[in-house]
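Worksheet: one structure, shown below.
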Amino acid sequence: MRAMFRATLAGGLLVLGLAPPLQAAEQVVEAAGYKFVPAEVRIRPGDSVVWVNREKRVSHSVLFAATGEESPRFFPDERWSRTFEQAGRFEYRCGPHPEMTGVVIVGD
């Protein structure tokens, strides 16, 4: 019943020329093999990126080059997330492993 109501509401909004509100998305980046996979993600303002450590014995962090903001270290099977409210290009690397690099591109 609830799903039918949502579908009817969304359809009614489209008929009126209004789009239903978008929900924030979540993009997953894995730390595996001493790489961030994928190395580049594209999201919209308000979306989040979740970094998940898939290594067996190593901790990682996410260090943003421009601001110096660094996540706490996250260990195997742990995760850390950040919501990006502003458009821009956010380059990052792993704090303890600078060869691991990535970028989050936030656009409209």
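The values are calculated or read from the model by the stated rules, or taken from the named source; none is laboratory data. Please read all numbers here as calculations on a predicted model, not as lab measurements. A quick note on method: Cβ atoms are made from the backbone with ideal geometry, for glycine too, and the neighbour counts reach across all protein chains shown.
Which pairs turn up if I take residues in the range 69-95 that are closer than 15 Å to residue 53 by Cα and look for partners that are of a type in the set (Asp, Glu) and outside any loop (DSSP other than H, G, I, E, B) with beta carbon separation below 8 Å, at least 6 apart in sequence or on another chain?
Every condition considered, the pairs that remain are 81/26; 95/70.
Count, please, the residues in the range 59-103 that happen to be part of a strand (DSSP E or B) and touching a Lys or Arg at 6+ places or on another chain (Cβ under 8 Å).
Final tally of qualifying residues: 5.
Do any residues in the range 52-67 that are under 15 Å from residue 103 (Cα atoms) have Cβ atoms under 9 Å from those of residues that are loosely packed, with under 12 Cβ neighbours inside 10 Å and β-branched (Val, Ile, Thr), where the two are at least six apart or on different chains, and which pairs are they?
none
Restrict the check to the range 53-64 and report whether at least one residue is among the hydrophobic types (A, V, I, L, M, F, W, C) and either within 16 Å of residue 105 (Cβ to Cβ) or at pLDDT below 95 (or both).
Within the range 53-64, one or more residues are among the hydrophobic types (A, V, I, L, M, F, W, C) and either within 16 Å of residue 105 (Cβ to Cβ) or at pLDDT below 95 (or both).
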